[in-house]
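Enquirer: Structure incoming, see below.
The values are calculated or read from the model by the stated rules, or taken from the named source; none is laboratory data. It should be emphasised that the depicted structure is a prediction, and the values quoted were computed from it without experimental measurement. Neighbour counts are summed over all protein chains in view; Cβ atoms, including those assigned to glycine, are modelled from backbone coordinates with ideal geometry. Keep in mind that these areas ignore ligands, DNA and RNA; they rest on the heavy atoms of the full protein, side chains included. Shrake-Rupley method; radii C 1.70, N 1.55, O 1.52, S 1.80 Å.
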Amino acid sequence: MKSLRLLSVLFILAVFFTVSCADVPHLSPMYSLPAISYAGDTDIMSLDTDEEFNTERFDHITENPFLRVKDYPLSTFSIDVDTAGYSIVRRDLENSSFRPNSWVRIEELINYFDYNYAPPTDGKPFRANVETAVCPWNTDHLLARVAIKGKEFPVNERPKVNLVFLLDVSGSMEEPNKLPLVKSAMKILLDELNGNDRVAICVYAGAAGTVLPPTRCDQKDKILKAMNKLQSGGSTAGGAGIQLAYKVAEENFDPGSINRVILCTDGDFNVGITSRSDLIDLIQAKAKTGVYLSVFGFGMYNYDDGTLKQLATRGNGNYGYIDTELEAKKIFRDQITGTLITIANDVKIQIEFNPNNVGAYRLIGYENRVMRNSEFNDDMVDAGDIGAGHRVTAFYELIPPGSEADSLANTDPLKYSAQPEVPPSKEFTDELLTVKIRYKEPRETVSELISFPVKTDSVRKAGEASEDFTFAASVAAFGMLLRNSSYKGSSTYAMVLDMAKSSLGQDSSGYRAEYIKLVEKAMDLAKR
């Protein structure tokens, strides 16, 4: 009997100790959780290693399907110039911790790279063109690339900037790749600013505060002194920090300057306004003041990608992920005008496909940017913005008219509104599709329209696609492999690698060479 009682006491103590350990961050759980768990619209990542449980949060993405032109002749989406997705993939591949995931945003992989697109020459803020060629992963299909290039600003013509650095100094930011890297990144940005520009610094941990009022950048020693004093500690009142930063920006608003909040954080908001919907409501309201929000993520393991992506989107800003000082130099030095200066707001693309020549189509990526067709002409609907010199690339995979496209019809015949099928118009048989783009000039409320057709005789044969087209298509195929996409066709890492090497080009920045190494790393991991 005593033995039974002793066993019962030991069992209760064991259960109590196991439950208690769950609340102690430095103790590992007895059993590891699955590599990926799905909860609602968020993927929560966990590494199969001895490291602490990884609570990174990424929004789940459902891929765009093929659509019949007869059923859906229009495709509408908002542009996206964010690049965070590529940096995060690179981080995980270099750490040998990546595995196929639904959160991979293919458009952010493609748009990470520079392409030799022609700039505008007609006074417009950007120039658009389309190149079409045989699809590399399905030679029975075509691949159409929509390419946009924003106008550049010479350094001496850059408008003044009026910035508020909003820096997360909570306890979760103490690691070397967080607050120390934030300081390095802001110093790189500061080096690019001149005496006409102004910077203020706000921080937040358990509460929010202003550590430097708006200061002219000819007083860089004063700005650096304030920044060097920052230390991490406490909880994370991100909502209060955002409210304070906007308050400082609004009180010191300069209509002759670029007014922007630069948020640097790991996204771990746990005090005050913590729900994503409430934060987004706050950002949407503040964006109407003319102060834009750019968001830059740092760190890993507790990183909240989904929230930061949405905040930047709603704040009329861009979203990047900074994992190294080299990435900070890319964003804040090499591409500073695109990072800070917006040249076109609410940019929407609508493609009308000609059923004579296209049976079905699929937009590759941009899943969280797809819009209702009726929203294209609605100037009240928010869309993405383009910065100076930005390049935007989007691919459509096209299926010719015929049995393959017709097989996509999966609805029953209509009972009440059935109409005899109207044959396609014979008037535009030489056109493949028509591109329409709507945009607003900064601070304008009425959009302008650009429209042009793409002719069938412009389709390039296999092996004749441009260097940039081939490289971007390689990145698109790489993204589909990283997603383990059901639409990857005959794509393989070897094919992706061959395409990238054949289209390396001058690559003065070295980013394409780095990409090749990442593909080789992914190929090696896939064999394990």
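Enquirer: Is it the case that ASN354 is over 26 Å from THR313 (Cα atoms) and surrounded by 21 or more Cβ atoms within 10 Å (Cβ to Cβ)?
Expert: Yes.
Enquirer: Something else about it: Filtering segment 371-383 down to residues that are more than 19 Å from GLU63 (Cα to Cα) and of a type in the set (A, V, I, L, M), which residue is least open to solvent (accessible area, probe 1.4 Å)?
Expert: Here the answer is ALA383.
Enquirer: Of the residues ILE450, ILE516, which is open to solvent by 30 Å² or more (accessible area, probe 1.4 Å) and modelled with pLDDT of 95 or more?
Expert: Exactly one residue qualifies, and that residue is ILE450.
Enquirer: Which of the residues belonging to segment 485-508 are surrounded by 13 or more Cβ atoms within 10 Å (Cβ to Cβ) and outside any helix (DSSP H, G or I)?
Expert: SER485, TYR487, LYS488, GLY489, SER491, THR492, SER503, LEU504, GLY505, ASP507 - these are the residues of segment 485-508 that are surrounded by 13 or more Cβ atoms within 10 Å (Cβ to Cβ) and outside any helix (DSSP H, G or I).
Enquirer: Sticking with this structure for a sec: Please go through segment 138-164 and pick out each residue that is open to solvent by less than 50 Å² (accessible area, probe 1.4 Å) and under 24 Å from the mean Cα position of the chain (by Cα).
Expert: To start, the set of residues in segment 138-164 that are open to solvent by less than 50 Å² (accessible area, probe 1.4 Å) comprises 138, 141-150, 158-159, 161-164.
Once the filter is applied, which keeps residues that are open to solvent by less than 50 Å² (accessible area, probe 1.4 Å) and under 24 Å from the mean Cα position of the chain (by Cα), segment 138-164 yields LEU143, ALA144, ARG145, VAL146, ALA147, ILE148, LYS149, GLY150, VAL161, LEU163, VAL164.
Enquirer: Could you please find all residues in segment 512-528 being in contact with a Lys or Arg (Cβ under 8 Å, 6 or more places away or on another chain) and either of a type outside the set (A, V, I, L, M, F, W, C) or assigned to a loop (DSSP other than H, G, I, E, B) (or both)?
Expert: GLU514
Enquirer: Let me ask another. Pull up segment 302-314, narrow it to residues that are touching a Gly at 6+ places or on another chain (Cβ under 8 Å) and in a helix (DSSP H, G or I), then point me to the one that is farthest from ASP92 (Cα to Cα).
Expert: Step by step, filter segment 302-314, then rank; the result is THR313.
Enquirer: Return yes when ASP379 is farther than 23 Å from VAL475 by Cβ, modelled with pLDDT of 95 or more and either among the charged types (D, E, K, R) or outside any loop (DSSP other than H, G, I, E, B) (or both) and no when it is not.
Expert: yes
Enquirer: A further question follows. Could you list all residues from segment 332-351 that are open to solvent by less than 10 Å² (accessible area, probe 1.4 Å) and assigned to a helix (DSSP H, G or I)?
Expert: Selection gives PHE332, GLY338, THR339, LEU340.
Enquirer: Among the listed residues ASP114, ASP92, which satisfies the condition of being part of a loop (DSSP other than H, G, I, E, B), crowded, with 16+ Cβ neighbours inside 10 Å and of a type in the set (Asp, Glu)? Give the derivation first.
Expert: Details: ASP92 fails: part of a loop (DSSP other than H, G, I, E, B).
It is ASP114.
Enquirer: While we're looking at this one, here's another question. If you go through segment 321-331, how many residues are open to solvent by 30 Å² or more (accessible area, probe 1.4 Å) and either polar (S, T, N, Q) or in a strand (DSSP E or B) (or both)?
Expert: The number of residues fulfilling the criteria is 1.
Enquirer: Checking ASN368 against (1) more than 30 Å from TRP137 (Cα to Cα); (2) open to solvent by 30 Å² or more (accessible area, probe 1.4 Å); (3) modelled with pLDDT under 95; (4) in contact with a Ser or Thr (Cβ under 9 Å, 6 or more places away or on another chain): exactly one of these is not met. Which one?
Expert: (1)
Enquirer: Mind checking whether some residue in segment 404-416 is over 29 Å from ALA473 (Cβ atoms), open to solvent by 40 Å² or more (accessible area, probe 1.4 Å), modelled with pLDDT of 95 or more and not β-branched (Val, Ile, Thr)?
Expert: For segment 404-416, residues over 29 Å from ALA473 (Cβ atoms), open to solvent by 40 Å² or more (accessible area, probe 1.4 Å), modelled with pLDDT of 95 or more and not β-branched (Val, Ile, Thr): absent.
Enquirer: Same structure again: What pairs come up if the first residue lies in segment 313-329 and is touching a residue at least 60 places away in the same chain (Cβ under 8 Å), the second is charged (D, E, K, R) and open to solvent by 10 Å² or more (accessible area, probe 1.4 Å), and their beta carbons are under 6 Å apart, counting only those six or more places apart or on different chains?
Expert: Matching pairs, first to second residue: ASN316/ASP385; ASP323/ARG91.
Enquirer: Those residues that are of a type in the set (S, T, N, Q) and free of Cβ contacts under 8 Å to residues at least 12 places away in the same chain, I need them from segment 367-389; list them, please.
Expert: Across segment 367-389, the qualifying residue is only SER374.
Enquirer: Inside segment 117-137, can you point out the residues that are over 23 Å from ALA344 (Cα atoms), open to solvent by less than 10 Å² (accessible area, probe 1.4 Å) and outside any loop (DSSP other than H, G, I, E, B)?
Expert: Within segment 117-137, THR132, ALA133 meet the criteria.
Enquirer: Right, something else. For GLY317, only one of the following conditions fails: (1) closer than 29 Å to SER97 by Cβ; (2) at pLDDT 90 or above; (3) not in a loop (DSSP other than H, G, I, E, B). What is its number?
Expert: (3)
Enquirer: Could you list, in sequence order, all residues of segment 492-508 that are in contact (Cβ under 8 Å) with a residue 24 or more places away in the chain and farther than 16 Å from ALA472 by Cα? Steps first, answer last, please.
Expert: At the first step, the residues of segment 492-508 found to be in contact (Cβ under 8 Å) with a residue 24 or more places away in the chain are 493-495, 497, 499-500, 502-505.
The answer is none; no residue qualifies.
Enquirer: May I ask you to list the residues in segment 398-445 that are among the charged types (D, E, K, R) and not in a strand (DSSP E or B)?
Expert: Result: GLU404, ASP406, ASP412, LYS415, GLU421, LYS426, GLU427, ASP430, GLU441, ARG443, GLU444.
Enquirer: Show the residue pairs that are 6+ apart or on different chains and have beta-carbon atoms under 8 Å apart, the first residue being within segment 439-459 and at positive phi, the second being open to solvent by less than 50 Å² (accessible area, probe 1.4 Å).
Expert: As it stands, the answer is ARG443/GLY290, since those pairs meet every condition given.
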